[in-house]
1. Between residue 90 and residue 32, what is the spin-label point distance in nm, taking each point 7 Å from the Cα along the Cα→C-beta axis?
2. Rg over Rh of the chain, using C-alpha atoms and the Kirkwood radius, what does it come to?
3. Search the structure for amide H atoms under 5 Å from the amide H of residue 80, placed 1.01 Å from N in the peptide plane, and list their residues when 5 or more places away or on another chain.
4. Which order do the peptides 66-78, 30-42, 89-101 come out in when sorted by mean C-beta neighbours inside 10 angstrom, highest first?
5. Local charge sum around residue 14 (other residues, Cβ-Cβ under 14 Å, Lys/Arg +1, Asp/Glu -1)?
6. Apply the Karplus parameterisation 6.51 cos²θ - 1.76 cosθ + 1.60, with θ equal to phi minus 60°, to every residue of the stretch 91-97 and state each ³J(HN,Hα) to the nearest whole Hz, in sequence, with x for glycine and proline.
7. For the stretch 36-63, list residues with backbone N below 15 Å from a point placed 7 Å from the Cα of residue 99 toward its Cβ?
8. Rounded to the nearest 20 Debye, what is the dipole magnitude of the chain about its Cα centre when Lys and Arg each give +1 and Asp and Glu each give -1 at the C-beta?
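Computed from the coordinates by the stated procedures, all read-outs in this text should not be read as laboratory data. If you're wondering where the values come from, they're calculated on a predicted model, not measured in any experiment. No Cβ is skipped: glycine too gets one built from the backbone with ideal geometry, and neighbour counts run over all protein chains shown.
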Amino acid sequence: QVVRLPSALMQPMAADDVAAALADCTLESPLNRIVEIAGPEVLGIDEAVRRYLTATGDARRVITDANAPYYGVKVNERSLLPDSPARLGATPLDDWLTHLAHAGSVTV
């Protein structure tokens, strides 16, 4: 009943925001560089999963563990954040989770 996750920061992005960013990149002139996209808010993996579990009614508890791996890899606080500049989506995680919960299913 416990999930151990690092507090490494990330910027989760709603699928609709990802699609919009991709469409924008496709229609504009080539930039000849990597374009990074991200959600509008910075939060730890532990906090994002905590919010997800709450939104889905999952009773598991999230324990912050600095040594917990992310897909088998140890990450530092900034490993998962985009480099500047990044295109940011508009949908905060809580809005995304609320919308999906009202639609009948929450998928991350």
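1. 3.2
2. Value, to two decimals: 1.01.
3. Placed amide hydrogens put 9 under 5 Å from residue 80.
4. Ranking, from highest mean packing down: 89-101, 30-42, 66-78.
5. So the environment of residue 14 carries a net charge of -3.
6. Karplus-based 3J(HN,Hα) across the stretch 91-97 equals 8, x, 4, 4, 5, 4, 5 Hz.
7. 38-41
8. Dipole of the chain, to the nearest 20 debye: 420 debye.
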